[in-house]
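J.: Handing you a structure now.
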Amino acid sequence: MEAGLVAPAGTIGFLIFAAGVGAVAGRYDTRTLLLLGIVGTGIGVFVMGLIPSFGFFLVALILRGHSVASDVEVTDRC
């Protein structure tokens, strides 16, 4: 049952942050946003590997959606 929550948590995180990132993406430099998204994704994945409990893993997965959303919004703009 718990494994079935991984994909929805990642999708929810992406959807929540995609709207916000899309609204401000035009105000900032493309390279800066892409770099922040890549670094944020790397840090997020590293932290998710260190988390000992599944509940915290899901929270981290939702928050990692911010980095993924910024990468998608910026590359969509290019």
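J.: Using the Karplus curve 6.51 cos²θ - 1.76 cosθ + 1.60 with θ = phi - 60°, what ³J(HN,Hα) values do you get for each residue of region 57-66, in whole Hz, with x for Gly and Pro?
T.: Ordered by residue, 3J(HN,Hα) equals 4, 5, 5, 4, 5, 5, 5, 5, x, 4 Hz.
J.: Residue by residue, what Karplus-based ³J(HN,Hα) values in Hz, rounded to whole numbers, does region 14-30 have, using 6.51, -1.76 and 1.60 with θ = phi - 60° and x for Gly and Pro?
T.: 5, 5, 4, 8, 4, 5, x, 5, x, 5, 9, 4, x, 8, 10, 5, 4
J.: Using a 1.4 Å probe on the protein chains only, how many percent of the accessible area of region 1-71 belongs to carbon and sulfur? Please list the in-between numbers first.
T.: Values: 3410 of 4530 Å².
C and S atoms contribute 75 percent here.
J.: Roughly how many Å is it from the Cα centre of region 39-69 to that of region 1-37, as a whole number?
T.: About 12 Å separates the Cα centre of region 39-69 from the one of region 1-37.
J.: Tell me the mean residue ellipticity at 222 nm calculated for the chain from its helices only (DSSP H runs of n ≥ 4, each -39500 (n - 2.57), averaged over every residue, nearest 500). Write down the numbers at each step before the final one.
T.: Working: 3 runs with 64 residues, N = 78.
Computed ellipticity for the chain at 222 nm equals -28500 deg cm²/dmol.
J.: What does the charge add up to near P8, with Lys and Arg as +1, Asp and Glu as -1, over the other residues with Cβ less than 15 Å from its Cβ?
T.: Computed value for this residue: 0.
J.: Based on the Cβ-Cβ distance of V6 and I38, what FRET efficiency does E = 1/(1 + (r/R0)^6) give at R0 = 22 Å, to the nearest 0.05?
T.: E between V6 and I38, to the nearest 0.05, is 0.50.
J.: Label points 7 Å out from Cα along the Cβ direction at R31 and F56: separation in nm?
T.: Once both label points are built, they end up 3.7 nm from each other.
J.: Report the full-extension gain for the segment F46 to L15: residue separation times 0.36 nm, less the Cα-Cα distance, to one decimal in nm.
T.: Working: separation 31, 0.36 × 31 = 11.16 nm, distance 2.16 nm.
Fully extending the segment from F46 to L15 adds 9.0 nm.
The values are calculated or read from the model by the stated rules, or taken from the named source; none is laboratory data. Values in this document were obtained by computation on a predicted structure and should not be read as measured data. Here Cβ is always computed from backbone atoms with ideal geometry, including for glycine, and neighbour counts include all displayed protein chains. Surface accessibility is based on the protein's heavy atoms, side chains included, excluding ligands, DNA and RNA. Shrake-Rupley method; radii C 1.70, N 1.55, O 1.52, S 1.80 Å.
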